[in-house]
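Structure first, commentary second.
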Amino acid sequence: MLLVIWVHAENLHLVPLGKASGALYGAVAWIEELMSDKLGQIAVPGFFFISGYLFVRSFEGRRIGLTQIKDKWMNRLRSLVLPYVIWNLIYYAIYLAFGRAELSLAALAHAVISYGYNPVFWYMQQLIILSVIGPFFYAVLCEKGHKQAMFILFLIFIIAANHASLSFHLVNEDALFYFCCGMTAVTFFRDIFEGQGQEIHRRLLLVTGACYVLMAFLSGRPDLLSSVPLLTGAMVLCRISGALAVWFLLCVLRAGEVPPRPWMHISFFVYATHYLVIRAMGFLLPGDVSLLLAAFLLMPAICTGAAYAGYSFLDRYVPKLYRILSGGR
């Protein structure tokens, strides 16, 4: 979630045109690009991986029937669909209040269905779709062994790498790949992924970290990978290997043994509110390059602090409203 904030926190567009040059500006641009366009890009794959992991974790690798699928869908109505609609309406109301949107049924439908005024919720829309089709992919994975599951993942990866050639997109293909990676990990390799500080985690960290560096290099070199599918495939592998490297790094550090702080439990609320905080900060920040860098680096703390203050107020005075806004989390 902190990486997601950095993705959206780039702020050098606030620098006046006449001052958008010089060594300091170039250094700040390099830092923001590194955090947002490079490291930050592993955040969304990490989100989809964790979502797929948690989606089928309660099944314990067992086969599922229509009853379990129905229960899973009903749970996701509360945890995904309801907050998706409500937050999109909140953002639409804010845009209306500032005269940035028109009051019409078409605009309302655009806001609610297509996250028209809440662009960061594209992830939620994709997650809702993946939650609908997820049980069927899990049924296939559970029916087959891990070798067959890896072959299925390979086929999905090929589709994701060639998504630019597809004429129709029911779902974001690389999101489907990350989501299925999570389902495969928890179905066949849960002991590895949920262990703490095992020797195998150091090896996996080395492998995934090396893969991330290699794929990051290749995806930035169109002269070496001249075709779009190869570049896209390298980018997809770069992002998922980076997310896995973070996971295994936390395992090596035994992070799972550390009691979580209260603010660590509100990641969804941070996700839902951080875009508002970033936009508000954009109106308050001056065009000074040094101050913009400081604001950029501190933005995860600022957004988390603002969200925690909002959570503390809502949870104390209107806890039912908070549970609705956070999807029951």
About the Cα centre, and with charges only on the beta carbon of Lys, Arg (+1) and Asp, Glu (-1), how big is the dipole of the chain? Nearest 20 debye, please. 820
Among the chymotrypsin sites (Phe, Trp or Tyr not before Pro) within region 118-185, which fall in a DSSP loop and have no more than 14 other Cβ atoms within 10 Å of their own Cβ? 168
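Listing 227, 219, 167, 312 from the residue with the fewest other Cβ atoms within 10 Å to the one with the most, what is the order?
167, 227, 312, 219
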In whole angstrom, largest first, the equivalent ellipsoid semi-axes that the Cα gyration tensor gives for the chain are 32, 27, 21
When Lys and Arg each count +1 and Asp and Glu each count -1, what net charge do the other residues less than 13 Å away from residue 91, Cβ to Cβ, add up to? +2
For Cα pairs less than 8 Å apart in space and 6+ apart in sequence, what is the mean separation divided by the residue count of region 71-179, i.e. the relative contact order in percent? 23
Around residue 190 (Cβ within 15 Å, Cβ-to-Cβ, excluding residue 190; K/R +1, D/E -1) the net charge comes to -1
Label point distance in nm, residue 171-residue 70, each placed 7 Å from Cα along Cα→Cβ: 2.2
Per 0.36 nm of contour for each residue apart, how much would the distance between residue 162 and residue 17 grow if the chain were fully extended, relative to their Cα-Cα spacing? 48.4 nm
Provide the net charge surrounding residue 326, with neighbours chosen by a C-beta distance below 12 Å and charges set as Lys +1, Arg +1, Asp -1, Glu -1. +3
Before rounding to the nearest 500, sum -39500 (n - 2.57) across all DSSP H runs of length at least 4 in the chain and divide by the residue total; then give [θ] at 222 nm in deg cm²/dmol. -22500 deg cm²/dmol
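If each residue of separation counts as 0.36 nm, what is the full-extension length gain between residue 38 and residue 198 once their alpha-carbon separation is subtracted?
54.7 nm
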Within the chain, which complete DSSP H helices have Cα atoms spanning at least 18 Å along the helix axis and a mean Kyte-Doolittle hydropathy of 1.6 or higher? 146-161, 228-252
Estimated Rh, region 126-278: Kirkwood, alpha-carbon pairs, angstrom: 17.5
For residue 194, which sequence-distant residues (separation of 5 or more, or a different chain) have an amide H within less than 5 Å of its own amide H, given hydrogens modelled in the peptide plane? none
Length gained when the stretch residue 107-residue 255 is fully extended (0.36 nm per residue, less Cα-Cα span): 48.8 nm
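No value in this document is a laboratory result; all are computed from the given coordinates. Computed from a prediction, not measured in an experiment: that's the story for all the values here. Counting neighbours? That spans all protein chains shown, and the Cβs are built from the backbone with ideal geometry, glycine included.
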